Amino acid sequence: MLLHVEHLTKRYGHLAALSEVSFSIHRGEILGLIGPNGSGKTTLFECLGGVLPADGGAIFRPRNGANGRTQALTQAERTATVFYLPDGIAPWPAETVRWALDFTEGFFGGALAADDARPPSADVVSRFELEPLLDSRIGTLSKGQRKRALLAIGLLTPQPILLADEPFDGLDLRQTREVAQTLRHYAAAGRTMLLSIHQIADAARVCDRFVLLSGGRTRGEGTLDELSRLAAARGAGNTTNLEEIFLALT
């Protein structure tokens, strides 16, 4: 286990956007955060990424030599562990994609560990098919083009966990499958990813495990088989269809 989120809570007055959300993140996995609009996915990401302060709960990670005990992350440790890539942003709109990639790689270059799984910029350019876009200004990119460029930027950061909010939004079917294959490639190389995904079919193709979120609460966590057994135990019958499982558990 790389991190454990325990009883994370966020309130806006009397409204509980998140209510004691708990789940674990394992090293080198793609974990899918699945839920409808309004379920609390973005709020959870903003709390995990340090953009919003949580009102309760904490983020823990195992400590070597501590008899298996965990300790809450400090803010500095969270910054060094998690990089949050929001949805719908266009950073440096007047700069080119080439400039953004070079800047990211140069900015973080001195902070890399010897076993860092971060890819070099040439690799992300190739895998995300960014060569034709390198001299385009970020503010002129289409939604799908910008999404691929931002994922490339995110993968150049050194933090071991990448949080990506709606990584497939704006992509067509072919692009979605190609981006999913690229993310799987980097996960296999050791990068850990938590992806917030609205389209359940997309999540089923790319993720190793899933966290089901509804109404600001965790409704299930595990692999497809584990969630299938949980749904069957609740009377949903035997199914490996993630959409049916989600409906049964939420």
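Quick look at the values:
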| item | result |
| --- | --- |
| Average Cα contact separation per residue, the chain, under 8 Å, 6 or more apart, as relative contact order % | 26 percent |
| Geometric extent, Cα atoms of the range 162-242 - Rg, Dmax (angstrom) | 13.7, 39 |
| Alpha-carbon spread of the range 12-112, three principal axes, descending order, Å | 43, 40, 25 |
| Within the chain, helix-based [θ] at 222 nm, where runs of 4 or more DSSP H residues each add -39,500 (n - 2.57), nearest 500 | -10000 deg cm²/dmol |
| Approximate spin-label separation residue 173-residue 129, in nm, with each point projected 7 Å along Cα-to-Cβ | 1.5 nm |
| Between helix 97-108 and the chain: long-axis angle, C-alpha atoms, 0 to 90°, nearest 10 | 70 degrees |
| C-alpha long axis of helix 224-233 to longest principal axis of the chain, angle in ° | 20 degrees |
| The chain - Kirkwood radius from inverse mean 1/r over Cα pairs (Å) | 18.8 Å |
| Cβ-placed point charges (K, R +1; D, E -1), dipole of the range 3-249 about Cα centre in debye, nearest 20 | 380 debye |
| For residue 37, net neighbour charge (Lys/Arg +1, Asp/Glu -1) across residues whose Cβ lies under 14 Å away | -3 |
| Gain in span if fully extended, residue 103 to residue 199, counting 0.36 nm per residue against the direct Cα distance | 31.4 nm |
| Choice from 234, 184, 78 with maximal GNM fluctuation in the chain (Cα, 10 Å cutoff) | 234 |
| Using alpha-carbon coordinates, inclination of helix 173-188 to the longest axis of the chain, degrees | 80 degrees |
| Sites residue 225 and residue 2, calculated FRET efficiency, Cβ-Cβ separation with R0 30 Å, nearest 0.05 | 0.90 |
| Three-way shape label, the range 1-63, alpha-carbon gyration tensor, a/c 1.5 | oblate |
| Gain on full stretching of the segment that runs from residue 232 to residue 51 - 0.36 nm per residue minus C-alpha separation | 61.4 nm |
| Rough spin-label spacing in nm, given labels placed 7 Å along Cα→Cβ, for residue 9 and residue 241 | 3.8 nm |
| Added length on full extension, which subtracts the Cα-Cα distance from 0.36 nm per residue, residue 74 to residue 58 | 4.8 nm |
| Positive-end residue, the chain charge dipole about Cα centroid, Cβ charges, pick of 96, 43, 238 | 238 |
| Counting DSSP beta bridges with both ends in the chain, the antiparallel % (nearest 5) | 55 percent |
| Partner lysines for residue 41 [C-alpha distance under 17 Å; skip if fewer than 8 residues away on the same chain] | 10 |
| Net charge contributed by nearby residues that have their C-beta within less than 15 Å of residue 136 (K/R +1, D/E -1) | +1 |
| Choice from 79, 218, 42 with maximal GNM fluctuation in the chain (Cα, 10 Å cutoff) | 79 |
| Listed residues 103, 83, 210, most fluctuating in the chain (Gaussian network, C-alpha, under 10 Å) | 103 |
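Bear in mind that the values in this text are calculations on the coordinates, not laboratory data. What you are looking at is a predicted structure, and each value in this text was computed from that prediction instead of being measured. Cβ coordinates were reconstructed from backbone atoms using ideal geometry, including for glycine residues, and neighbour counts include every protein chain displayed.
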